[in-house]
Structure formats: C-alpha cells, structure tokens
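What follows is a short report on a single structure.
The values are calculated or read from the model by the stated rules, or taken from the named source; none is laboratory data. If you're wondering where the values come from, they're calculated on a predicted model, not measured in any experiment. Ideal geometry is used to build each Cβ from the backbone, glycine not excepted, and the neighbour counts take in all protein chains shown.
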C-alpha cells in the first residue's frame, strides 16, 4: 500500500464564479520516495501541497496518509514554507524544538533530538541566533530541521528555493538533498525549476497549467545523488522542458480560442 | 575578520557621536535665538529672559510643590494608561483575531475615536466630578484607541504561515495565541503603547487645566494667572523632558523585548 494516496481530488475556489484549480487528480507516493510536483505558476501545485498539509480541504476526493484521511494539519506532515515561516522572535534552537513542546518526550529526549537535528543541519554554534541573523541557506536548514523534529511521515516542501538567486541555488539544493537523504523520509516538493526537480527527485509529476492535470509521471532513473553533469540528467531536463512547453502552447491555444 | 568587526564598531561610535553633536548643536542654536529674541522684544510677559527661565527650570526640579504635582500627574498618566493597556489589549486581540468581532465592534470604535478628546471634558466632569476621575478618564480615552488599533494592525500583519507552521507542529489555539499571536503583534503593540502614553501625557495636561486643582497642568494655569511667564516656560520645558524620558523608557523596553527584529538587535526610533 502506498504511503500517500491522492484520490480523485478536485478543488474549486469561489461560489458565484467557481474557478476549478484541480480536477479529478489522482496519484500515489511510496514510502521513502522523493516526488516533485512540477508545473507553471498557477497550475495548482501549491494548493495541492497545502491540501496534503491539511491547511485547505478538497472540494471533492480525498488524500490518505498511511491509511488515515487528512482532515487538518498535524505532526504527521512536516511542512517547509516557501518563505520558511521561521518564528522571527525565537532563536534557532527554539524554532527547531518548537514542535517537541507538544510531545510526551522527556526533557533529556528533547535535548537529544535537538542536538541530533542541529548536527544534521550543520547549525551547531548558531543555536542562540535569531532567524534575521542567518543566511538564506541557514534559514532553509532551520526550516527543514524544524519540520523534521517531530519525525513526520511525510515532508512537504513548498518551493523551498523559490526566492534564492541562481548562484546560491545549486549549493542549497545540495544541502537540502543531503539533509532529506540523511533523514530517510518521504518527500513531496513543489517546484517550477526543471533541473531542481530532476536533481532532487525519484519521480517528477509534470502538471499542466490548467486544472492540474498530470501530463506525465517521470521516473528519474539515476544513481543517487543525481549527477548534474551526466548526459542522462540533461536528457531528463530536456524531456520535461518539452512537456511543459507543449502544455504551455496548448494553454495559449485554448486561451486564443476563448 | 576581527579587524573588520572593530572597524565597524569604531565607525558606529563615530556616527552616534556625530548624531548627538548635531542634536546638541540644534538645541544650542535655539537657545541662542531665544536669548537674542528675548532681548530684542524686551517684553518678559511674552518671551521671558532665557537665563531667568533656565534658572527657574532648574529650581523647579528642587521645588517640592512642583515635584509633588508632577508625581500626581505621573500617577494619573500611569493609571489611565494602565486601564487603556488592559482594555486596548483585550479589544485589540479580540478584534484582530476574530473577523466577526472586528466587524461587530469596528463601527463603534471608529466612531468614538473621532470625538475630540477635549469634547469629553464636560461629560467626564459630569460623570466623575472634579479631581482624579476626569483626568484619568481623559488619559484612558486618548490612550485606548492607538493601543487597540496598533494591536489589531499587529495581528493583521502576522504571516498566516506562522500560524500554519505552529498548527502543523501540534500547537493548539491557546499555544498559537501565546507563541505566535502575542509575540507577533508585540512590536506594533509597543508602538501603540508609545503613542498611547504620549497621547495620555498630552491630554492629562489639558485635563488638568480644567478639571482639577492639582497636577502639572494646574501649576501651568496658576503660573499663567499670576503672569509668571518664565515659570510657565520652565514648566513647559519640564513637561517636554518628562514626556521624552517616558518615551525613551518605552523604547528601551521595546529594545529589550523585540530586538529580534533587527540584525544587530537595536530598535531605532
């Protein structure tokens, strides 16, 4: 049985002038997989991730995580927001250990867990700093460590590198890839960067610009960690770019027809 | 790296000293203008001699009657502001957190706050008589709205993803209020406190002109009636300095509580 099942999912916004964002969408994610949702802006990928996170409810259909239908946010889903949403009034260690406050762990166990996360995210020595005092890369690592603190079943990444400039992007992709592989966790990531999706993922779900239709489920069959310089990597990037271009052209035509 | 840090610190010290120097220079220039203008006009009732005013100013700090009245006024400001903080915080948190409460109370709050503070004076005397009551009430009325509105703005400015993040980490509504809403709204709330205390300090002096026979405002009216213009000026200077000191104290509190907003931990204002 798959860890995450998205079943015939439909999301409509508005009542008087309904806008269908996603229609009859279905896919599954196996335990331990890294799946990227890739598509142009406005294709509904962030809405989809938000529904997996439990922040929004589907209009129709369901999302099932490890046998339980998702009905709201919970610790079983770690979420990294596009702007990281670190609490600016809390230090690095308080941000990371925030979720542990609500667990039954003893103080000693909480401390051990925090130490483990600080170590994994290479944040030792920065525990007492506030988010504003951190670089973009460090903020991202705090956000991932915080999302992993309560050992969720799935980690949800909403364009975690969306606001990062090109020069920093590859470096931060490497750091993020290292962290999630080390944590050995199931990941669903939203992105609009083709190379990023090929580098990070085991599977890329390419979505159309309209109603979130899945154009193709591309399995990235490369040895881990994926080598950006190998010819196969380029082929995957080209293939997905072409898929997106066709989808874009199709949308343009349909808009012209309207 | 260490050398670089030292340079930055050194430049900052130079800059702060430069800023202070300009501030002091402006005050000196104003004092010289005052002294020259007073000599030129030659009417102490309109503009008293600068040195005499300064002498009265320093004497006032040692005068027990002035200090007792200053304390009375300060006590009124603190009491009125405390009531305003209690009501303004509750009102602001409720209106900021719940769109329904905001919708329900917004017309009332936004109408009442348009009434000029001096228009409350006759009513406050009718309600509370002369003395402590009307002054505290007027401070409360002038302080409560900046506090309420700033608290609402503080909550409205909280990134929704902070709340979502807290929920996804297992926080319940109470924990979200304690860990996200209150600290998130704190910077705007403290700005509200600064505005509230400033408004309270200004309105108490006005209220004491009319509705009481003690306090700093009363001393001013007394000086005016006795044609002691230099004393009136000295008291006005004192009120400006006390108001400034209170504002700096709140800024210090702001720096202590919300230094996380700034890379170097320094709140400016």
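Check whether at least one residue in region A:18-34 is modelled with pLDDT under 95 and within 14 Å of chain B (Cβ to nearest Cβ), and report yes or no. Checking region A:18-34: not a single residue is modelled with pLDDT under 95 and within 14 Å of chain B (Cβ to nearest Cβ).
Being in contact (Cβ under 8 Å) with a residue 12 or more places away in the chain and within 13 Å of chain B (Cβ to nearest Cβ) narrows it down to one residue among A:78, A:67, A:39, A:44; which is it? Explain how you work it out, then say what you get.
Working: A:67 fails: within 13 Å of chain B (Cβ to nearest Cβ); A:39 fails: within 13 Å of chain B (Cβ to nearest Cβ); A:44 fails: within 13 Å of chain B (Cβ to nearest Cβ).
Sole residue among the options that is in contact (Cβ under 8 Å) with a residue 12 or more places away in the chain and within 13 Å of chain B (Cβ to nearest Cβ): A:78.
Taking the listed residues B:261, B:226, B:194, the one that is over 30 Å from residue B:42 (Cβ atoms) and either within 14 Å of chain A (Cβ to nearest Cβ) or surrounded by fewer than 16 Cβ atoms within 10 Å (Cβ to Cβ) (or both) is B:261, with no other qualifying. Checking A:86, A:100 one by one, the residue that is buried (at least 18 other Cβ atoms within 10 Å of the Cβ), more than 10 Å from residue B:168 (Cβ to Cβ), more than 7 Å from chain B (Cβ to nearest Cβ) and under 18 Å from the mean Cα position of the chain (by Cα) is A:86 and no other. Restricting attention to region B:165-172, does a residue exist that is at positive phi, surrounded by fewer than 23 Cβ atoms within 10 Å (Cβ to Cβ) and away from chain A (no Cβ under 14 Å)? Taking every residue of region B:165-172 in turn, none turns out to be at positive phi, surrounded by fewer than 23 Cβ atoms within 10 Å (Cβ to Cβ) and away from chain A (no Cβ under 14 Å).
Selection over region A:103-114 of residues that are within 16 Å of residue B:170 (Cα to Cα) and more than 10 Å from every other protein chain (Cβ to nearest Cβ) gives a count of 3.
Annotation: of all residues in region A:52-64 being touching a strand residue (DSSP E or B) at 6+ places or on another chain (Cβ under 6 Å) and within 13 Å of chain B (Cβ to nearest Cβ), the one that is surrounded by the most Cβ atoms within 10 Å (Cβ to Cβ) is A:53.
Here residue A:159 passes the criteria (1) in contact with a strand residue (DSSP E or B) (Cβ under 9 Å, 6 or more places away or on another chain); (2) over 25 Å from residue A:22 (Cα atoms); (3) at pLDDT 85 or above except the one numbered (2).
Give the residue, chosen from B:27, B:46, B:22, B:72, that is touching a residue at least 24 places away in the same chain (Cβ under 8 Å) and not in a loop (DSSP other than H, G, I, E, B).
B:72
Looking at region A:151-161, which of its residues are facing chain B (nearest Cβ under 10 Å) and assigned to a loop (DSSP other than H, G, I, E, B)? Once the filter is applied, which keeps residues that are facing chain B (nearest Cβ under 10 Å) and assigned to a loop (DSSP other than H, G, I, E, B), region A:151-161 yields only A:152. Got a sec? Which of A:233, A:248, A:182, A:199 is more than 18 Å from residue A:40 (Cβ to Cβ), touching a residue at least 60 places away in the same chain (Cβ under 8 Å) and part of a helix (DSSP H, G or I)? Step by step, each of A:233, A:248, A:182, A:199 is checked, and only A:182 is more than 18 Å from residue A:40 (Cβ to Cβ), touching a residue at least 60 places away in the same chain (Cβ under 8 Å) and part of a helix (DSSP H, G or I).
Do we find that residue B:229 is over 21 Å from the mean Cα position of the chain (by Cα), closer than 19 Å to residue B:78 by Cβ and modelled with pLDDT under 90 in this structure? Criteria not met by residue B:229. I'd like to check something: does region A:127-150 contain any residue that is assigned to a loop (DSSP other than H, G, I, E, B), more than 14 Å from every other protein chain (Cβ to nearest Cβ) and either modelled with pLDDT of 90 or more or surrounded by fewer than 21 Cβ atoms within 10 Å (Cβ to Cβ) (or both)? Checking region A:127-150: at least one residue is assigned to a loop (DSSP other than H, G, I, E, B), more than 14 Å from every other protein chain (Cβ to nearest Cβ) and either modelled with pLDDT of 90 or more or surrounded by fewer than 21 Cβ atoms within 10 Å (Cβ to Cβ) (or both). Against the numbered list (1) over 17 Å from the mean Cα position of the chain (by Cα); (2) closer than 27 Å to residue A:123 by Cα; (3) assigned to a strand (DSSP E or B), residue A:216 comes up short only at (2). The residues of region B:110-131 that are farther than 22 Å from residue B:94 by Cα and in contact (Cβ under 8 Å) with a residue 24 or more places away in the chain, listed by number, are B:117, B:118, B:121, B:124, B:125, B:130, B:131.
Yes/no matrix, rows are residues, columns are (1) surrounded by 20 or more Cβ atoms within 10 Å (Cβ to Cβ); (2) assigned by TED's automatic domain parsing to the domain that holds residue B:94; (3) touching a helix residue (DSSP H, G or I) at 6+ places or on another chain (Cβ under 7 Å):
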residue: B:177; (1), (2), (3): no, yes, no
residue: B:181; (1), (2), (3): yes, yes, yes
residue: B:184; (1), (2), (3): yes, yes, yes
residue: B:199; (1), (2), (3): yes, yes, yes
residue: B:205; (1), (2), (3): yes, yes, yes
residue: B:210; (1), (2), (3): no, yes, yes
residue: B:213; (1), (2), (3): no, yes, no
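Every condition in (1) under 28 Å from residue B:247 (Cβ atoms); (2) surrounded by fewer than 17 Cβ atoms within 10 Å (Cβ to Cβ) is met by residue B:93 except one, and the failing one is (2). Among the residues that make up region B:132-154, is at least one of them within 14 Å of chain A (Cβ to nearest Cβ), touching a residue at least 12 places away in the same chain (Cβ under 8 Å), in contact with a helix residue (DSSP H, G or I) (Cβ under 6 Å, 6 or more places away or on another chain) and buried (at least 17 other Cβ atoms within 10 Å of the Cβ)? Checked against the condition, which is being within 14 Å of chain A (Cβ to nearest Cβ), touching a residue at least 12 places away in the same chain (Cβ under 8 Å), in contact with a helix residue (DSSP H, G or I) (Cβ under 6 Å, 6 or more places away or on another chain) and buried (at least 17 other Cβ atoms within 10 Å of the Cβ), region B:132-154 yields at least one hit.
In this structure, residue A:172 does satisfy being more than 9 Å from chain B (Cβ to nearest Cβ) and either under 22 Å from residue A:45 (Cα atoms) or not in a helix (DSSP H, G or I) (or both).
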